[in-house]
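Structure first, then comments.
Derivation of every value follows stated rules applied to the coordinates shown; laboratory data play no part. Since this is a predicted model, take the numbers as computed values, not measurements. All Cβ positions, glycine included, derive from the backbone under ideal geometry; neighbour counts span all protein chains shown.
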Amino acid sequence: MLYCFSAFLLFCIYVEKLISRIVYLRFCITTFLLISKRVILCFCFSITFDSSSRWSSQPASTPDLNPAPTMSKVISFATQKGGSGKSTLALVLAAPLATEYGLRIAVLDCDYQQSIVKTREQVDAANFAKLREANPDAQYPYDVYPWQLNRIFDFIDNPEHNYDLIIIDVPGRADGDDVFNALTACDAVIVPLVSDYLDRASTAEFMTILEAIKKAADDAQIDFQYYGLPTKRVAGQREEKEMDDYIDGLGLSRFNSYLGHRKAYTRASTLYSLLNPAWARYAGGTKDTSDEIRRVCEELIERLGLPDRRATAGASVSTASTSAK
Ligand SMILES: Nc1ncnc2c1ncn2[C@@H]1O[C@H](COP(=O)(O)OP(=O)(O)OP(=O)(O)O)[C@@H](O)[C@H]1O
Ligand SMILES: [Mg+2]
């Protein structure tokens, strides 16, 4: 009996050691893959990047490597995970940034789903027609363009496009050069952080790639930032703090402000801001909704160094919205 028990104990110790070795091996492989990905990315960016990219294909030390002259800041909400709230973030923030903060904004909808274009053409069109009946000069607060991912630089480099902020809505995938090429057009890439155990690692991996791009950009003296932006937050859930701690622990940057998981955000319009009290009421928004949106807008303005034209916002809006494409 004693002999059997000892044998069983030895067997357990052996299994435990085996498991810890496998876990350690997995850790080593993951670390190796992440490091090699960074090295490959940095290597690729310095010598073979698409010539249409503002990073250009010149060596990082060449002094005239600066992007084409433009006053616009370019941002993208991006992550490899589909359905994480990229288009919703663009929709929720673009209208308040235009109406309340007076920014001239263009949204380039580069996703084949065309969520933002469809919101304007199918959801907002009737309200816009009513608005026009009451006021023939009424305009959308910002411009929306269906656009191709591989033609982003045509838009950004066009001197006729006089915007403070260009927001690119990209598809929910990270394979292929086109998405990464588009991300290199950005001054900042904003990654929706959804507090979900299953998605945590892949989101962090995507941000680690952005961190590698940032390092390559810093070496080339090109402005490039990336931030995680918590969204779909449900108050009081322990996953939220764990997600923040996880991102912080990896040394990745994130916004302090966040958006909650709220029905009102699924009703964001390209015509009316959720900070517009009447529309907020209609969409089911509350004071908490407005406070959250304001905090995110203000953190975005501060981090990107955008102009804050709250005092003159009413005057700026009409010049910002020239056409809805
Ligand atoms: N803060 C939020 N609160 C509640 N629902 C949200 C929020 N953000 C996004 N959603 C909902 O989650 C779903 C996916 O959102 P969205 O389409 O913005 O994601 P996406 O990342 O753009 O997706 P894709 O990768 O397919 O482009 C939608 O039904 C949207 O209404
Ligand atoms: Mg989308």
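At 0.36 nm per residue, minus the direct Cα-Cα distance, what do R173 and A311 gain on full extension? Give it in nm, one decimal, please.
Working: separation 138, 0.36 × 138 = 49.68 nm, distance 3.91 nm.
This chain segment gains 45.8 nm when fully extended.
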- Cβ crowding within 10 Å averaged over residues, with 89-102, 72-85 ranked highest first: 89-102, 72-85
- 19 Å Cα-Cα reach of K118 towards aspartates and glutamates, excluding residues that sit fewer than 8 places from it in its own chain: D109, D143, D169
- Item | Proximal aspartates and glutamates relative to K215, as straight alpha-carbon distance under 16 Å, when same-chain residues fewer than 8 apart are discounted | D187, E205, D223
- Distance check, please: which entries in K263/K287; K81/K287; K232/K287; K241/K287 exceed 21 angstrom between their Cα atoms? K81/K287; K241/K287
- Task: Pick out, from V92, C110, G172, the residue whose Cα sits farthest towards the positive end of the charge dipole of the range 73-320, with +1 on the Cβ of Lys and Arg and -1 on the Cβ of Asp and Glu.
- Result: V92
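Estimate the FRET efficiency between A138 and E302 by the formula 1/(1 + (r/R0)^6), using the beta-carbon distance for r and 30 Å for R0, to the nearest 0.05.
Values: r = 31 Å, r/R0 = 1.02.
Computed FRET efficiency for A138 and E302: 0.45.
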- Item | Separation in nanometres of the label points that stand 7 Å from Cα toward Cβ, at D219 and Q113 | 3.5
